[in-house]
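A short write-up of the structure that comes next.
The values are calculated or read from the model by the stated rules, or taken from the named source; none is laboratory data. Being a predicted model, the structure only gives us computed values, none of them experimental. Note that each Cβ is placed from the backbone with ideal geometry, even for glycine, and that neighbours are counted across all protein chains shown. Keep in mind that these areas ignore ligands, DNA and RNA; they rest on the heavy atoms of the full protein, side chains included. Shrake-Rupley method; radii C 1.70, N 1.55, O 1.52, S 1.80 Å.
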Amino acid sequence: MMTADARFWDDIAEKYAAKPVENVTAFERKKAITREHLRPSSTVLEIGCGTGSLALEMSPFAGHIHAMDVSGEMLRIANRKKQAQGVTNVTFRQGTLDGPTPYEPEHFDSAWAYSILHLVPDRRRILKAIFDLLKPGGSFISSNACLGGTWVPYGAIITVLRWFGKAPVVHSYDRETILREMREAGFVEIKEREVGGGRICAFIVAKKPG
């Protein structure tokens with residue numbers, strides 16, 4: 001995941017940073033729900049942070065946000081934005097949760113995975129890693145692109161796009177699958193929240209037992 005995927009995101013980083021949010025209303029609703037689970041002392045982990053927009057915008061509501069991404073170019077832009085905005089409580093780090101993590105177990109009050117779980121090669125491993133990194137009672141907030149179980153042939157479309165270097169590796173799953181995998185990882189109080197993101201968007205809030 002640190003090679004081909006990183007190159008893909010490095011190549012499109014500037015274009016990605018300039019792209020406007022497609023569904024502003026849904027994104028604002030997601031952020032509002034995320035803020036519900038923050039305190040001024042919260043230590044947060046974001047995986048797949050991209051160019052850092054979410055972490056930087058949420059920084060006034062948290063103690064410290066640790067944001068990870070596979071792409072060095074995405075993080076270069078994120079740090080540029082961080083410096084321009086004068087944010088001091090966000091740390092960007094290149095990496096993934098596929099292997100050993102730089103963080104201690106039960107270190108975080110909250111973890112975020114916005115539009116990233118369909119891109120990871122081993123979703124169960126990532127969910128378990130997130131679970132282990134959360135403190136008891138910690139929250140896990142994820143925005144999921146559930147491409148499975150629909151009539152649209154996303155798999156074929158993405159395959160063609162990949163032939164032309166226009167898409168990363170994408171893994172399809174449906175709502176039932178991600179909800180089951182969260183339960184299997186140990187999460188409880190798993191709830192899908194309506195954000196107006198369309199049929200394929202499942203915005204889910206879960207907790208690690210306290």
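Brief remarks follow.
- Restricting attention to segment 18-30, the residues that are in a helix (DSSP H, G or I), open to solvent by 60 Å² or more (accessible area, probe 1.4 Å) and among the charged types (D, E, K, R) total 2.
- Checking segment 49-57 against the condition returns a match, with at least one residue being within 25 Å of residue 136 (Cβ to Cβ) and touching a residue at least 60 places away in the same chain (Cβ under 8 Å).
- Leading residue by the ranking (nearest to the chain's Cα centre (by Cα)) among those in segment 31-48 that are open to solvent by less than 10 Å² (accessible area, probe 1.4 Å) and hydrophobic (A, V, I, L, M, F, W, C): 45
- Number of the condition not met by residue 15 [criteria: (1) part of a helix (DSSP H, G or I); (2) open to solvent by 10 Å² or more (accessible area, probe 1.4 Å); (3) touching a strand residue (DSSP E or B) at 6+ places or on another chain (Cβ under 8 Å)]: (3)
- Residue within segment 86-106 that is assigned to a loop (DSSP other than H, G, I, E, B), among the basic types (Lys, Arg) and modelled with pLDDT of 90 or more present: no
- Subset of segment 42-76 that is touching a strand residue (DSSP E or B) at 6+ places or on another chain (Cβ under 8 Å) and of a type in the set (S, T, N, Q) - its residue that is farthest from residue 125 (Cα to Cα): 59
- Residue match in segment 56-66 (condition: in contact with a Cys (Cβ under 6 Å, 6 or more places away or on another chain) and surrounded by 15 or more Cβ atoms within 10 Å (Cβ to Cβ)): no
- Residue match in segment 42-58 (condition: among the hydrophobic types (A, V, I, L, M, F, W, C), out of contact with any Asp or Glu (no Cβ under 7 Å at 6 or more places or on another chain), part of a loop (DSSP other than H, G, I, E, B) and at pLDDT 95 or above): no
- Residue within segment 91-100 that is in contact with a strand residue (DSSP E or B) (Cβ under 9 Å, 6 or more places away or on another chain), of a type in the set (Val, Ile, Thr) and open to solvent by 30 Å² or more (accessible area, probe 1.4 Å) present: yes
- Complete set of residues in segment 134-143 that are within 22 Å of residue 31 (Cα to Cα) and touching an Asp or Glu at 6+ places or on another chain (Cβ under 9 Å): 134, 135, 137, 138, 139
- Among residues of segment 33-44 that are farther than 15 Å from residue 194 by Cα, those with a Cβ under 7 angstrom from a residue that is surrounded by fewer than 18 Cβ atoms within 10 Å (Cβ to Cβ), sequence gap 6+ or separate chain, pair up as 35/61; 38/61; 40/63; 41/63; 42/63; 43/63; 43/64; 43/107.
- Residue within segment 111-124 that is in a helix (DSSP H, G or I), of a type in the set (Gly, Ala, Ser), buried (at least 19 other Cβ atoms within 10 Å of the Cβ) and modelled with pLDDT of 95 or more present: no
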